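Here, each number is a calculation from the coordinates, and none is a lab measurement. Note that the coordinates shown come from a computational prediction; the quantities given were computed from them, not determined experimentally. As a convention, Cβ positions derive from the backbone with ideal geometry for all residues, glycine included, and neighbour counts pool all protein chains shown.
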Amino acid sequence: MSNRFELGRPAWGKRRLKDFLLQMDNRICADCGSPEPKWASANIGVFICLKCCGVHRSLGTHISKVLSVALDDWSEDEIDAMIEVGGNASANSIYEAFIPEGISKPRPDSNHDERSRFIRSKYELQEFLKPSLRISSMSSGRSMKQPSFSRRIMDSFRSSNSSQKLDGMVEFIGMLKVKVVKGTNLAIRDMLSSDPYIILKLGEQTVQTSVIRSNLNPIWNEELMLSVPQQYGSLKLQVYDHDTFSADDIMGEAEIDLQPLITSAMAFGDPGMFGNMQIGKWLKSHDNALIEDSTVNIVGGKVKQDISLKLQNVESGEIYIELEWMPLDQ
C-alpha cells in the first residue's frame, strides 16, 4: 500500500486529525499556550501556533516536520504517529518533565527570541528530557527517517517504565489544567497600580500567566497545564508585579491542597459514567488561604474544582482559579 492516501481516504484521514485537534489539551499550542493552533509537528506529535511554527521550521525537518492541519497533505503514518503520541499534554509530560526553576514557558505574547530559546532547549537540545531518553545523534541525524524522532523517544519512555515513570523519584499520575480566572483588589506596587502576573509551581515545574498592565482587578482567563507527579504536594501560587528596570515585586502567595481533587477523582474512576454531582470538598480553615469551602464536582463528565483564594503575606488581594483533573489515558 502506498504511504499516501488512496482515492477516497484523504477526507477520512483529515477527519481523524481534526477530531484529534479537538481534544482539550490540543486546543492550545504545546509550546506557548496560544489558543486554537492550526499547525503541527508531525514527527514530534504536538499541535502548535503560527508563531511557534516559525521556530519549529528553523530547527530543520530532522527535528520537527511542520505541517498545516488544514492545508497540507498528511500520510496515514503521520496521522498515526500524531495520535500515538497522545496529544500535547502527553508529549509535554515527557518533553517538559524537568524544566529548571527560573525557566518559564513562552506565553502567547512572547517575542521570537523567547520562543526560540525555549523551543530549541525543549526539542533540539532536549534539556528538559530525562537524560536516558535523549537522542545524542540528533544534530547529525538529518537522514533520519521521519517520524522516528518522536517514536524513538516515546518508545524509550515507554520501555524505561510502562507506568509513566520518568526517573527513580518522579512518576506522573495525571495532568492538571489550571484556569487562572481573575484577581480582585490586588496590592499596589507601582505609583498607583500594578502590572500583575501569576506563577504556578508544582514539583519541579513552573508555568506563568501573561502580564496585565496597570490593573488591580485583572482578568486572565488563561489555561495552564501541569503534569502531576505521584508525590505531588501542594500547588504553589505567587502573584508578582512586573517591573522593567528592577526586580519584580511579590504581591502575595497561596498554597492549594490538591488532595481533595485528586483523591476524589481517582475514587470515582471514569467521570463520564456519572451525572453532575459533588464528589469532594476542601474546607476553609485558619491555616489555609480559602475564602470559602471549595467543592470538587463532576461537571459534564469532567472532574473540576472552583477555588477562591485570599492572598497571604500581603495587604490585600484575592485570586479565583478553576482546576480540572485529566487522567493520563484521557
### Query
At F98 and V314, where each label point lies 7 Å from the Cα along Cα→Cβ, what is the point-to-point distance in nanometres?
3.3 nm
#### Entry: Within straight-line cross-link reach of K182, aspartates and glutamates at Cα separation under 16 Å, skipping those fewer than 8 residues along the same chain
D195, E222, E223, D241, E253, D306, E318, E322
#### Entry: Calculated FRET efficiency for the pair K38/R117, C-beta based, R₀ 25 Å, to 0.05
0.60
### Query
Once amide H atoms are built 1.01 Å from N in the peptide plane, which residues 5 or more positions from D249, or in another chain, come under 5 Å H to H?
D241, D243
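With a Förster radius of 41 Å, plug the Cβ-Cβ distance of M266 and D190 into 1/(1 + (r/R0)^6) and report the FRET value to the nearest 0.05.
For R0 = 41 Å, the calculated efficiency reads 0.40.
Let me check I've understood the local charge: for D306, count other residues with C-beta under 14 angstrom from its C-beta, Lys and Arg +1, Asp and Glu -1. What total comes out?
Numbers: positive: K177, K179, K182, K281, K284, K302, K304; negative: E292, D293, E318, E322, E324.
In short, +2.
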### Summary
At R0 = 41 Å the Cβ-Cβ FRET efficiency linking D249 and S58, nearest 0.05, sits at 0.70
### Query
So, in nm, how far is label K179 from label D306 when the simple model puts each one 7 Å beyond its Cα toward the Cβ?
1.0 nm
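As a quick test, which of the pairs K201/K281; K65/K201; K179/K304; K14/K302; K18/K122; K105/K201 have an alpha carbon distance above 20 angstrom in this structure? Please report the intermediate quantities before stating the final value.
Details: K201/K281 22 Å; K65/K201 31 Å; K179/K304 11 Å; K14/K302 27 Å; K18/K122 25 Å; K105/K201 12 Å.
Going by Cα-Cα distance, K201/K281; K65/K201; K14/K302; K18/K122 fall outside the 20 Å limit.
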### Summary
Quick calc: nm separation of the 7 Å Cα→Cβ label points for D80 and R213 -> 5.1 nm
### Task
In whole angstrom, note down how far apart the Cα centers of the range 230-265 and the range 185-223 are.
11 Å
